[in-house]
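Report on the structure given below.
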Amino acid sequence: MTVLVYLDHEGGAIRQASRSAIAAASRLGDVDVLVTGPDAAAAAKSAAAIPGVKKVLQVTDTTGNSELAEPVAALLAELAAGYTHILAASSATAKNVLPRAAALLDVQPIPDIVAINDADTFVRPIYAGSALATVKSADAKKIITVRASSFDPVASEGGTATIEEVALPAGPGGSTFIATELSKSERPELESARVVVSGGNGMLNGENFKLLEPLADRLGAAIGASRAAVDKGFVSNEYQVGQTGKIVAPELYIAMGISGQIQHLAGMKDSKVIVAVNKDPEAPIFQVADYGIVGDLFTILPQLEAELDKAG
Amino acid sequence: MKVLVPVKRVIDYNIKPRVKADGSGVETAGVKMSMNPFDEIAVEEAVRLKEKGVVSEIIAVSIGEPKAQDTLRTAMAMGADRSILVETDVVTEPLSVAKVLKALVEKEKSDLVILGKQAIDDDMNATGQMLAGLLGRPQATFASKVDVADGAVTVTREIDGGSQTVKLALPAIITADLRLNEPRYASLPNIMKARKKPMEKITPADLGVDMTPRLSVVSVAEPPERKAGIKLDSAAELVSRLRNEAKVI
Ligand SMILES: Cc1cc2nc3c(=O)[nH]c(=O)nc-3n(C[C@H](O)[C@H](O)[C@H](O)COP(=O)(O)OP(=O)(O)OC[C@H]3O[C@@H](n4cnc5c(N)ncnc54)[C@H](O)[C@@H]3O)c2cc1C
Ligand SMILES: Cc1cc2nc3c(=O)[nH]c(=O)nc-3n(C[C@H](O)[C@H](O)[C@H](O)COP(=O)(O)OP(=O)(O)OC[C@H]3O[C@@H](n4cnc5c(N)ncnc54)[C@H](O)[C@@H]3O)c2cc1C
């Protein structure tokens with residue numbers, strides 16, 4: 001069996017989540033990978049160095065078409081002939097493209113798997129993680145997205161895969177890429193950070209939300225947010241953790257002024273250690289927190305910073 | 001322009017779902033059901049497009065058991081003009097739902113379909129993309145802003161690192177993200193009016209669609225429960241525990 005993994009990269013650097021998808025794929029068979037975009041050549045080089053990868057398929061594209069679901073789904077459907085499974089890390093890109101490719105192949109996709117039982121049987125969360133369903137696919141080919149936090153990423157160095165250029169098909173047309181606006185951040189990526197500091201409605205406004213930065217700096221943490229904080233415009237949408245935002249499972253998750261509704265918990269309850277600061281002793285976040293402090297976050301935040309500055 | 005809005009009946013998002021004792025699925029009997037929240041956003045967007053004069057008719061569609069009628073009535077109370085219930089007791093999957101929707105889009109000659117980006121029960125996030133694939137039409141998923149003008153729709157999409165803008169020639173498929181709009185509440189007079197709006201009932205067989213699921217459920221289980229930890233009195237104690245007990249900093 002050979003498996004194709006569609007990789008996410010940023011400016012040629014393969015995302016850690018995609019290395020988790022490769023780890024999942026290698027449980028199923030030999031692994032080829034696909035990289036696309038203007039920096040595909042650089043990405044292909046990084047991908048070829050990942051241990052366990054046999055072949056890298058590279059689509060160099062400067063037209064913006066590789067940002068669109070239509071041609072990329074058409075490409076995956078074309079390539080599918082040579083593979084039993086097509087995988088990708090669950091990301092906005094994969095969720096946009098893979099179901100479309102599956103439709104072209106008359107396959108029911110299997111999103112967000114957290115475990116592999118055998119080549120046809122997978123475990124995936126449903127109802128915002130309130131239940132885990134074990135599902136068996138009757139399709140000849142499997143189209144799968146992988147929840148990265150459930151698979152340890154493979155190493156990034158040590159492999160020697162071959163690289164092959166492939167062409168992007170035109171797709172059905174009708175869709176034009178206009179622009180992407182990425183927010184710049186020097187912080188670690190939310191989904192692969194070792195520590196995440198998140199703020200909720202309790203932060204009250206965007207100015208106050210910045211008060212989380214000194215704490216995050218001290219911990220080398222990424223910053224996250226609840227939906228309420230995003231909806232109210234304290235931070236932009238890519239910070240959202242939860243059922244409909246990002247799924248994170250860091251070593252340490254610190255929730256400041258977040259009540260802990262099920263939709264938020266869906267995105268962080270697999271974290272190793274959870275800390276909650278909330279002024280309401282009944283807040284549901286305390287039901288999942290390993291350590292809680294009941295109190296005003298604006299008082300506790302500077303105290304935490306001061307304690308962290310003391311030699312450990 | 002006719003807009004099709006598929007709406008799904010799901011367990012209300014305020015209810016904590018319970019796994020059935022025999023592990024066959026999640027208990028839905030006697031549980032409060034509502035319209036999938038993303039679908040409310042999709043209906044709202046369609047209604048706003050109609051209010052702007054861009055859209056002439058809104059057709060709500062649901063695929064599932066007869067009780068999905070309630071969800072269609074809600075959609076009509078929000079402003080959909082009529083609805084279609086595609087009745088089936090087979091478990092629906094995005095692939096089979098997309099096939100039903102494709103047949104309806106062709107039958108109704110609909111140029112725009114607005115779906116929710118994901119249903120909060122099965123969290124598949126797939127149906128819209130699959131419908132677009134089956135129809136060979138352009139797609140814009142996770143929409144946070146939609147502008148229709150001159151036979152094209154410009155959509156701002158939420159992506160992992162920020163946002164992206166794409167322009168689609170109509171006919172096209174859009175899926176709604178949370179921040180596209182704030183759905184309205186249906187007023188009492190509109191709820192009354194919705195009772196008189198037409199609802200057509202058909203079956204997948206009428207559309208020539210085979211609903212046989214490709215995924216079978218082996219079992220459904222509760223995830224491992226996380227235990228509540230301890231409450232601490234000070235930041236000093238927290239930092240000390242994180243350093244010496246949990247060893248995460
Ligand atoms: C379809 C759907 C999808 C959703 N998806 C997501 C998702 O992906 N992610 C997500 O997060 N939510 C999601 N939600 C929303 C979710 O239901 C909650 O509304 C949201 O998580 C609440 O955010 P919050 O905890 O910040 O706000 P609130 O519930 O308002 O909680 C704020 C908390 O801050 C505390 N607080 C206030 N001031 C202070 C202070 N000075 N010091 C200490 N504590 C203080 C309060 O006691 C309170 O507990 C979704 C909802 C729906 C319907
Ligand atoms: C493991 C498993 C267990 C399941 N258990 C049950 C169960 O116990 N009971 C049960 O009833 N079903 C069950 N199903 C079916 C399931 O609830 C969904 O109907 C199906 O998988 C579609 O996925 P989704 O709704 O998450 O699609 P998504 O792709 O997330 O939905 C996106 C959008 O598509 C539209 N849409 C999707 N489905 C419909 C529909 N039927 N009618 C109208 N519009 C729609 C909506 O606009 C929605 O916002 C199960 C499925 C699986 C795979």
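Of the listed requirements (1) touching a strand residue (DSSP E or B) at 6+ places or on another chain (Cβ under 7 Å); (2) within 16 Å of ligand 1 (Cβ to nearest atom); (3) polar (S, T, N, Q), B:Ser24 misses just one: (2).
Within the range A:174-188, the set of residues being in a strand (DSSP E or B), open to solvent by 70 Å² or more (accessible area, probe 1.4 Å) and over 22 Å from B:Gly133 (Cβ atoms) comprises A:Glu181, A:Leu182. I'd like to know if the range B:183-204 contains one or more residues that are surrounded by fewer than 20 Cβ atoms within 10 Å (Cβ to Cβ), of a type in the set (Asp, Glu) and either at positive phi or within 12 Å of chain A (Cβ to nearest Cβ) (or both). The answer is no; no qualifying residue exists.
Quick one: in the range A:196-225, of everything that is of a type in the set (S, T, N, Q) and open to solvent by 10 Å² or more (accessible area, probe 1.4 Å), which residue is nearest to ligand 2 (Cβ to nearest atom)? The residue in question is A:Asn201. The set of residues in the range B:221-233 being under 21 Å from A:Ala306 (Cβ atoms) and more than 7 Å from chain A (Cβ to nearest Cβ) consists of B:Asp233 alone. Scanning the range A:67-95 for residues that are within 21 Å of A:Leu190 (Cβ to Cβ) and aliphatic (A, V, I, L, M) yields A:Ala88, A:Ala89, A:Ala92, A:Ala94. Looking only at residues of the range A:244-263 that are facing chain B (nearest Cβ under 7 Å) and part of a loop (DSSP other than H, G, I, E, B), we find that the one that is nearest to A:Glu189 (Cα to Cα) is A:Glu251. No other residue among A:Ala101, A:Ala88 is closer than 20 Å to A:Gln243 by Cα and either modelled with pLDDT of 95 or more or more than 8 Å from chain B (Cβ to nearest Cβ) (or both) apart from A:Ala88.
The rows are residues; the columns are (1) crowded, with 18+ Cβ neighbours inside 10 Å; (2) touching a Cys at 6+ places or on another chain (Cβ under 6 Å); (3) among the β-branched types (Val, Ile, Thr).
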position	(1), (2), (3)
A:Glu10	no, no, no
A:Leu28	yes, no, no
A:Ala43	yes, no, no
A:Lys54	no, no, no
A:Thr63	no, no, yes
A:Glu70	yes, no, no
A:Ala81	no, no, no
A:Lys95	yes, no, no
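Quick check: is even one residue across the range A:270-284 in a helix (DSSP H, G or I) and free of Cβ contacts under 8 Å to residues at least 40 places away in the same chain? Looking for residues that are in a helix (DSSP H, G or I) and free of Cβ contacts under 8 Å to residues at least 40 places away in the same chain, one finds at least one in the range A:270-284, hence yes. Screening the range B:108-134 for residues that are outside any strand (DSSP E or B) and more than 9 Å from chain A (Cβ to nearest Cβ) and picking the one that is farthest from ligand 2 (Cβ to nearest atom) gives B:Lys109. Taking the listed residues B:Val91, B:Val105, B:Val86, the one that is near ligand 2 (Cβ under 8 Å from one of its atoms), outside any strand (DSSP E or B) and touching a residue at least 12 places away in the same chain (Cβ under 8 Å) is B:Val91, with no other qualifying. In the condition set (1) part of a loop (DSSP other than H, G, I, E, B); (2) modelled with pLDDT under 95; (3) open to solvent by 40 Å² or more (accessible area, probe 1.4 Å), B:Arg179 is compliant with all but (1). Looking across the range A:205-243, just one residue is at pLDDT below 95, part of a helix (DSSP H, G or I) and of a type outside the set (D, E, K, R), and that is A:Asn237.
The values are calculated or read from the model by the stated rules, or taken from the named source; none is laboratory data. Owing to the predicted nature of the structure, the values given are computational and were not obtained by experimental measurement. Every residue, glycine among them, receives a Cβ derived from its backbone with ideal geometry; neighbour counts consider all protein chains shown. Side chains included, ligands, DNA and RNA excluded: accessible areas come from the protein's heavy atoms. Shrake-Rupley method; radii C 1.70, N 1.55, O 1.52, S 1.80 Å.
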